[in-house]
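Worksheet: the structure to be examined is printed underneath.
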């Protein structure tokens, strides 16, 4: 996938998730609003068992699943770099991305993409968007894998 499409996809993902996080953070509780069980608890009556809930367990950012997803992303980007360099050795081929014309530019672009994906996933983790956090490495890794597969098909 061309990098222009990656940028557009990243903007769409960020644009759809940020307003939700901002609304949660910016919406204060109504003044004087108390939970329904508060008056009974204040009077000394025991809380109803149905009202007690266990807190949900929040996973650590670098748990096994995230490590494997980000490793997949890294491997796909590495495969894209390797197959691009191999494909450019074939006479008549050229790099279409102007930022990746040189080998160092391509590596820098992939490092920046991996770092952006990792940072975006961490930001989503911090704001409680855990499903989206798991999705980000796939958004960055699958297009790189597709580019690697395309480049691997270019032969002398």
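The values are calculated or read from the model by the stated rules, or taken from the named source; none is laboratory data. Here the structure is a predicted model, which means the values were calculated and not measured. Cβ sites come from the backbone with ideal geometry, for glycine too, and all protein chains shown count toward neighbours.
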If residue 125 satisfies all but one of (1) touching a helix residue (DSSP H, G or I) at 6+ places or on another chain (Cβ under 9 Å); (2) modelled with pLDDT of 95 or more; (3) within 26 Å of residue 63 (Cα to Cα), what's the number of the condition it fails?
(2)
Taking the residues in the range 61-73 that are in contact (Cβ under 8 Å) with a residue 24 or more places away in the chain and either assigned to a loop (DSSP other than H, G, I, E, B) or in contact with a helix residue (DSSP H, G or I) (Cβ under 6 Å, 6 or more places away or on another chain) (or both) as candidates, determine which candidate is surrounded by the most Cβ atoms within 10 Å (Cβ to Cβ).
73
Which one of the conditions (1) closer than 25 Å to residue 59 by Cβ; (2) part of a helix (DSSP H, G or I) does residue 143 fail to meet, given that it meets all the rest?
(1)
